[in-house]
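The values are calculated or read from the model by the stated rules, or taken from the named source; none is laboratory data. Because the structure is predicted, anything quoted here is derived from the model rather than measured. Cβ atoms come from the backbone with ideal geometry, glycine included; neighbour counts cover every protein chain shown.
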Amino acid sequence: MEELRKILTAVAAGAISPGEAERRLSSGEVRYLDEFAALDTGRERRKGVPEVVYAPGKTPEQVARICAALVSSGGRRALVSGADSGHEAAIREHLPGVPAQRAGRALVIGAGEPERTGGRVGLLTAGTSDIPVAEEAAAVMEQMGCEVRGFYDVGVAGIHRLGVPLRELRSFDPDCVVVAAGMEGALPSVVAGLVDVPVVGLPTSTGYGLGGDGTAAVLSMLQTCSPGLAVVNVDNGVGAGAMAALIANRAARGRG
C-alpha cells in the first residue's frame, strides 16, 4: 500500500505521467505483508502463471492472511499448494463467504472462472494414489485457462487399461499430456513413446521401501529413452501443471 500511495502522489504532483504509473503498477506488483511475505501479484499478468501459496512450513494464520491479500487484490483467485486441514480451516475462518474448493493437495480460493485460452491438456495417473498430486496439477492448468481431460489408474501393472484413454486422448487432441506415477514411474515413458505431443512426467511419493519416496520414480523418468518427456520433481503438481499449461496456451495462441 505504501508503494501504491507513492505512485499516486507522484501522479498528482505531475512527477510521473498516468501512463508511467500504469506501467509501474503492472510490472512492480510486489505487495508486502508484514514481515513474512512479499506477494508477486503481477506474475499471472507477466508470465501467465498465477502466484501459488506453498502451505507446508507456513502457519495456518500466515496462509490465511496471504490468501486474503491475494483475493482482495483485484478480485483474484488464490491457489494453495499442500494445504492441510488446519490451513483450510483458517482460510475458511478468515474468508467467510469466499468459496474454497479442494483439488487434491490444493485449494482454490475465490469465485469466478478463469478466461479460457483454448489450450488442451491430457492428464493420466498410473494409480489411484497418484490422484491428489495430479489434481493439484489440474487445478493449476484450469486456473491458467486450459481445458483438462483426465484418466486415472491406468498404469503399467495393467497396461491394457491404457488403450481406451489413449484413443480418447487422441480424439481430444491435447497440446500436452501430464502423466503422474509413483512406484517405478514407468507410465510417462510408455505414454511419451505413443503420443506426438510433449509429455510432462510427474513423479509421486507413492511406493514401498527403498525408493518409495519418489526417488525411484523420478530417476526412472529422468533415464527415459522415450523422446519428448520432461520431468518435474517429486510431488510437484504445481510445476507440472504450470509447464503443461504454458505449452498448451502457446499452442492455442498459434492456432489463432
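Does V53 fit the bill of being modelled with pLDDT under 95 and surrounded by 21 or more Cβ atoms within 10 Å (Cβ to Cβ)? Don't jump to the end; show me each part of the working.
Working: modelled with pLDDT under 95: yes; surrounded by 21 or more Cβ atoms within 10 Å (Cβ to Cβ): yes.
It is true that V53 is modelled with pLDDT under 95 and surrounded by 21 or more Cβ atoms within 10 Å (Cβ to Cβ).
As an exercise: evaluate A240 against (1) surrounded by fewer than 22 Cβ atoms within 10 Å (Cβ to Cβ); (2) not in a loop (DSSP other than H, G, I, E, B) and give the number of the one condition it does not meet.
Evaluating A240 over (1) surrounded by fewer than 22 Cβ atoms within 10 Å (Cβ to Cβ); (2) not in a loop (DSSP other than H, G, I, E, B) leaves (1) as the failure.
Do we find a residue being at pLDDT 85 or above, in a helix (DSSP H, G or I), surrounded by 12 or more Cβ atoms within 10 Å (Cβ to Cβ) and basic (K, R) anywhere in region 37-44?
Checked against the condition, which is being at pLDDT 85 or above, in a helix (DSSP H, G or I), surrounded by 12 or more Cβ atoms within 10 Å (Cβ to Cβ) and basic (K, R), region 37-44 yields no hits at all.
Any idea which of S81, S85, S27 is at pLDDT 85 or above and either closer than 30 Å to G256 by Cα or under 14 Å from the mean Cα position of the chain (by Cα) (or both)?
Values: S85 fails: either closer than 30 Å to G256 by Cα or under 14 Å from the mean Cα position of the chain (by Cα) (or both); S27 fails: at pLDDT 85 or above.
Exactly one residue qualifies, and that residue is S81.
Check V218, V200, V191 and return the single one that is buried (at least 23 other Cβ atoms within 10 Å of the Cβ) and either modelled with pLDDT under 95 or assigned to a strand (DSSP E or B) (or both).
On the way: V218 fails: either modelled with pLDDT under 95 or assigned to a strand (DSSP E or B) (or both); V191 fails: either modelled with pLDDT under 95 or assigned to a strand (DSSP E or B) (or both).
Of V218, V200, V191, the one residue that is buried (at least 23 other Cβ atoms within 10 Å of the Cβ) and either modelled with pLDDT under 95 or assigned to a strand (DSSP E or B) (or both) is V200.
Check A137 against each of (1) touching a residue at least 12 places away in the same chain (Cβ under 8 Å); (2) assigned to a helix (DSSP H, G or I); (3) more than 14 Å from the chain's Cα centre (by Cα) and name the one condition it does not meet.
The number of the failed condition is (3).
Could you say which residue among A21, A64, A10 is out of contact with any strand residue (DSSP E or B) (no Cβ under 6 Å at 6 or more places or on another chain), modelled with pLDDT of 85 or more, outside any loop (DSSP other than H, G, I, E, B) and surrounded by 14 or more Cβ atoms within 10 Å (Cβ to Cβ)?
Numbers: A21 fails: modelled with pLDDT of 85 or more; A10 fails: modelled with pLDDT of 85 or more.
Answer to the selection: A64.
Specify the residue that is nearest to the chain's Cα centre (by Cα); the eligible residues are those in region 160-188 that are under 16 Å from T224 (Cα atoms) and part of a helix (DSSP H, G or I).
Here the residue is P188.
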